[in-house]
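These notes concern the structure reproduced below.
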Amino acid sequence: MLGAIAGDVIGSVHEYMGTKSTDFDLFTAECRFTDDTVLTVAVADCLMNGREYVDAFHDYFLAYPNAGYGYRFFHWASSGSRSPYNSWGNGSAMRVAPVGHAFDSLDDVLIHAARSAEVTHNHPEGVKGAQATAAAVFMARNGDTKRSMKSSLEHMFGYDLHRRLEDIRPTHRFDESCQGTVPLALIAFLESSDYEDAVRKAVSLGGDADTLACIAGAVAEAHYGGVPPVIAAQTLAVLDDRLRSVVVKFRECHRIAV
């Protein structure tokens, strides 16, 4: 899941900036982790320790209240609600990467991706976005080719993954929906040549940059065999001890390479 977190950190300075180029510094002094990272770590915590998602999401929100949550999640968490709010937002997809590493069958990945989503994002598009992201991570880590992944994901989820970034980029704007984020992040991965290129391409769409890069980075990590060591080290350095310890433990538990 470090690939997701690195994408979030790298993309954090491009959110709302409308970046339309792949030529930018990967890390700057302003790079930070956002809610994408916090909730990805919360999901990993649940998977390792058998915690309920609703409890973990509330706990992590209280520990990191200023991480940049969406309005509806912020209201849900700050009010102490335990009921989902029918969201189709991309929050369900940005946090789901650990699910793609934690199970040995696609059926289990889909079941647990839905469970991680439905705590808040119980709208069909919210669930689908989480399942598609987790499925892509699972397929990638199991050696599926990009051609096979594209075909399977289109068939399973109805996304159009044959579009080209060069055609999407000029008119794409900030879109917080799963249906407006997940397919584009997957296309960024499919067009990439390595992990760094996937993240750069995702950011270059000029939309919800941290989440696009988070999702594309999650799949790219699984496909390309890890996060480049320099990027991994810089990302881990941005995290505090609590978040870093969960990431390291999860990677050790699931034998995820750097």
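The values are calculated or read from the model by the stated rules, or taken from the named source; none is laboratory data. For clarity, every value in this text was computed on a predicted model and none was experimentally measured. Because the Cβ atoms are built from the backbone with ideal geometry, glycine has one as well, and the counts that use them run over all protein chains shown.
Quick notes on this one:
- Here Y195 clears all of (1) modelled with pLDDT under 95; (2) among the aromatic types (F, W, Y); (3) within 24 Å of G143 (Cβ to Cβ) except the condition numbered (1).
- M48 vs. criteria closer than 18 Å to S245 by Cβ and either more than 16 Å from the chain's Cα centre (by Cα) or among the basic types (K, R) (or both): yes
Quick grid of which residues meet (1) touching a residue at least 60 places away in the same chain (Cβ under 8 Å); (2) more than 27 Å from P228 (Cβ to Cβ):
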residue: L2; (1), (2): yes, no
residue: V9; (1), (2): yes, no
residue: S21; (1), (2): yes, no
residue: L26; (1), (2): yes, no
residue: A29; (1), (2): no, no
residue: V41; (1), (2): yes, no
residue: D45; (1), (2): yes, no
residue: G89; (1), (2): yes, yes
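- Test: F61 is among the aromatic types (F, W, Y), surrounded by 13 or more Cβ atoms within 10 Å (Cβ to Cβ) and in a loop (DSSP other than H, G, I, E, B): no
- C178 meets each of the listed conditions (1) in contact with a strand residue (DSSP E or B) (Cβ under 9 Å, 6 or more places away or on another chain); (2) hydrophobic (A, V, I, L, M, F, W, C); (3) over 30 Å from D55 (Cβ atoms) apart from (3).
- Number of the condition not met by S78 [criteria: (1) of a type outside the set (A, V, I, L, M, F, W, C); (2) in a helix (DSSP H, G or I); (3) surrounded by 15 or more Cβ atoms within 10 Å (Cβ to Cβ)]: (3)
- Residue match in segment 75-93 (condition: under 21 Å from D240 (Cα atoms), out of contact with any Phe, Trp or Tyr (no Cβ under 7 Å at 6 or more places or on another chain) and aliphatic (A, V, I, L, M)): no
- Screening segment 188-238 for helices (runs of 4 or more DSSP H) wholly inside it with 3 or more residues that are closer than 17 Å to R32 by Cβ returns the ranges 209-224, 229-238.
- Only one entry of F73, F24, F57 meets the criterion of being modelled with pLDDT of 95 or more and in contact with a strand residue (DSSP E or B) (Cβ under 9 Å, 6 or more places away or on another chain), and that entry is F73.
- Filter result for N142 (at pLDDT 95 or above and closer than 19 Å to S92 by Cα): no
- Between A117, A67, the distinction of being at pLDDT 95 or above, over 18 Å from F250 (Cα atoms) and outside any loop (DSSP other than H, G, I, E, B) belongs to A117 only.
- Qualifying residue in segment 95-102 (condition: assigned to a loop (DSSP other than H, G, I, E, B), under 18 Å from A218 (Cβ atoms), out of contact with any His (no Cβ under 6 Å at 6 or more places or on another chain) and at pLDDT 95 or above): yes
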